[in-house]
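Report on the structure given below.
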Amino acid sequence: MISGIGQVKAHWRGIGVTLFINWLVKPFSMALLGWLFIRYLFAPWLPTDQLDSYIAGLILLAAAPCTAMVFVWSRLTNGDPYFTLSQVALNDAIMIFAFAPIVGLLLGLSSIIVPWATLLTSVVLYIVVPVILAQLWRKALLRKGQAAFDNALTKIGPWSMAALLATLVLLFAFQGEAILQQPLVIALLAVPILIQVLFNSALAYGLNRLVGEKHNIACPSSLIGASNFFELAVAAAISLFGFHSGAALATVVGVLIEVPVMLLVVRVVNRSKGWYERA
């Protein structure tokens, strides 16, 4: 992570756009959409006792950007890998300090009370500890030489993807019954998530074009800008509200639609390269 942050200056315009979207637009736009759709427009068709919980799940989903699948999306758009690494490393560092305050602020504005101790514990367990362990392991490998480090990365690559897929399988295995029994709820929860992803990806893509950033930077920027750290969101939702809560269900809906929507964004930014470069 530290080495990735060191490359931020090389891509400062794209980094700036992505940071603006990730931390100043996305969490607040999702909260606004949650209030609008869940508390007002869709309220007659949703369980009254779960409205606040659904909104909380949406806020948790959008409060932090993805740090894993964005590498896949970047490769699919021929994005600059060094930019992607720099952006993810910087987001990881910011997330340690910003996730809990943003979530606490937006939940508070929504009149949803959560125990701060549990929220901070989630940050420590799912962000701080993995970052520290990764840095310690990285330093230990580099002491054996760059070849040992590169070899270890090659070996763990397939395992990291397998772990991500296993996480998805477990999520849907435990929430599958709820998804099948409440198709209308799932569809309604998907609406603000879909709007949020498309809005933020388009905004990031357009801002990168406006500031004169290259296409291979704008593509991963728009995808990172619109992404959600669903693993952290699901874990925090379960810790704060319980496994069978509306918050947990809302975060799982985010997982359900993220892959197809991100593939749509990948297709759009790839096909619009000619338009983008005419600026």
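Only the coordinates and a few stated rules stand behind these numbers; no lab work does. Note that the structure is predicted; figures quoted are calculated from it, not measured. Don't worry about glycine lacking a Cβ; one is built from the backbone with ideal geometry, like all the others, and counts go over all protein chains shown.
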Hits in segment 178-202 - residues which are of a type outside the set (A, V, I, L, M, F, W, C) and within 30 Å of G14 (Cα to Cα): P192, Q196, N200, S201
I'm checking my understanding of the structure. Among residues of segment 36-50 that are hydrophobic (A, V, I, L, M, F, W, C) and surrounded by fewer than 19 Cβ atoms within 10 Å (Cβ to Cβ), which one is nearest to the chain's Cα centre (by Cα)? L36
For segment 1-101, which helices (runs of 4 or more DSSP H) that fit wholly inside it have 3 or more residues that are closer than 20 Å to I217 by Cα? 2-5, 12-19, 69-76
Select, from S245, S222, the only residue that is surrounded by 16 or more Cβ atoms within 10 Å (Cβ to Cβ), hydroxyl-bearing (S, T, Y) and within 30 Å of I15 (Cα to Cα). S222
Filter pass, N228 being in contact with a Pro (Cβ under 9 Å, 6 or more places away or on another chain) and crowded, with 16+ Cβ neighbours inside 10 Å: yes
